[in-house]
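A short worksheet on the structure shown next.
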Amino acid sequence: MRVAVLSDIHSNLQALDAVLSSIGTVDAVWHLGDVVGYGPEPDGVVARLREVRAIGVKGNHDDAVCGGESIAGFNPDAAVAAEWTRARVDAATSDYLAALPEALTPEGTDFTLVHGSPRDPLGEYLDSTNAAAENLAFLQTRHCLIGHTHVPLVFRERRGHVEALAVDPESRLVLDGRRALLNPGSVGQPRDGDPTASYLVLDTTAGYATWQRVAYDIGA
């Protein structure tokens, strides 16, 4: 099965459309939350995800837009963006976001989908090997797909420890027997110094993951 994994789209329809145009034929699209927030087209992004029958989980921005408590921890800019989005989304978008689960294991797979981390799906930023090691205790599947940091990265077991692996465009990781936490980076608001949209393609049959980048019309 070939799966496109997207995260942190943040209402950026230009970036999402560029990614969907570049992925080719896939069997499924999975998203890791923060579908909305910051960007100007929340309804358009949700409509596009529905068109491609994406499945996924709720992020802290999605929770905030639905009236959740996540907004209490936002910085002022994030809070303003969430309030702006909440006031403008239509009912279909609001219902879609509210119905998203905080964690999901697609049927027949060994992948858990969360936005932040297995132990704190909405709030925790997994950006250290110590935190990654602690989270493996909460993981019920071999692999976990995470977002939230907007930075593509891998944490993987190695000889009783957890190692962090930096990810470049076209990086390929063999999915072997070791447990791993994989971050596809952000579609709509990358924070790793590269403005191009970042995403991940899983080939569960061949057993590898490949990170991809694609340019989009930032001015638009």
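The values are calculated or read from the model by the stated rules, or taken from the named source; none is laboratory data. Just so it is clear, the model here is predicted, and its values are computed rather than measured. Glycine also receives a Cβ, built like all others from the backbone with ideal geometry; neighbour counts cover every protein chain displayed. The accessibility values were calculated without ligands, DNA or RNA, using every heavy atom of the protein model including side chains. Shrake-Rupley method; radii C 1.70, N 1.55, O 1.52, S 1.80 Å.
Please report the net charge: other residues with Cβ closer than 11 Å to the Cβ of Tyr199, K and R +1, D and E -1.
So the surrounding residues net to 0.
What residues have an amide H closer than 5 Å to that of Ser117, excluding those fewer than 5 places away on the same chain, when H is modeled at 1.01 Å from N in the peptide plane?
Leu122, Gly123, Glu124
Going from most exposed to least, what order do Asp8, Asp110 have by accessible area with a 1.4 Å probe?
Asp110, Asp8
Provide the three semi-axes, in whole Å and in decreasing order, of the ellipsoid equivalent to region 35-164 as defined by the square roots of 5 times the Cα gyration tensor eigenvalues.
Sorted largest first and rounded, they come to 28, 17, 11 Å.
What share of Cα pairs, in percent, lie more than 22 angstrom apart in region 15-89?
Tail of the P(r) past 22 Å holds 26 percent of the pairs.
Roll a 1.4 Å probe over the protein chains and send me the accessible area per residue for the chain in Å².
44 Å²
Could you list which residues have their amide H under 5 Å from that of Gly185, counting only those 5 or more apart in sequence or on another chain, with H placed in the peptide plane?
Placed amide hydrogens put Val151, Leu153 under 5 Å from Gly185.
To two decimal places, what compactness ratio does the chain give when its Cα radius of gyration is scaled by 2.2 N^0.38 Å?
Here the answer is 0.94, to two decimals.
Within region 149-184, whose backbone N sits under 14 Å from a point 7 Å along Cα→Cβ of Thr141?
What the label zone holds, given the 14 Å backbone N cut-off, is 179-184.
To the nearest 0.05, what FRET efficiency results for Val52 and Asn130 with a Förster distance of 41 Å applied to their C-beta separation?
With a Förster radius of 41 Å, E is 0.65.
Please compute the contact order of the chain in relative form: average sequence separation of alpha-carbon pairs under 8 Å and at least six residues apart, divided by the residue count, as a percent.
Once divided by the residue count of the chain, the mean separation gives 24 percent.
So, with a 1.4 angstrom probe, what is the percent of accessible area on the chain that is carbon and sulfur?
Accessible surface attributable to carbon and sulfur in the chain totals 48 percent.
If I fit a long axis through the Cα atoms of helix 42-51 and take the longest principal axis of the Cα atoms of the chain, what angle between them do I get, 0 to 90°, rounded to 10?
Rounded to the nearest ten degrees, it is 50.
Using a 10 angstrom Cβ neighbour count of at most 10 plus a DSSP loop assignment to flag exposed GluC sites (Glu not before Pro), which longest range of the chain is free of such sites?
Between exposed loop sites, the widest span is 1-106.
For region 190-195, in order, what is each residue's ³J(HN,Hα) by Karplus, 6.51 cos²θ - 1.76 cosθ + 1.60 with θ = phi - 60°, in whole Hz (x at glycine and Pro)?
Whole-Hz 3J(HN,Hα) from phi for region 190-195: x, 10, 10, x, 10, x.
Would you kindly derive the ³J(HN,Hα) couplings of region 62-72 from the backbone phi angles with the Karplus curve 6.51 cos²θ - 1.76 cosθ + 1.60 (θ = phi - 60°), listing them in order in whole Hz, with x for Gly and Pro?
So the J values, rounded to whole Hz, are 4, 4, 5, 5, 8, x, x, 7, 4, 4, 5.
Once fully extended, how much extra length lies between Arg158 and Ala79, figured as 0.36 nm per residue of separation less the alpha-carbon to alpha-carbon distance?
Between Arg158 and Ala79, full extension yields 24.5 nm more.
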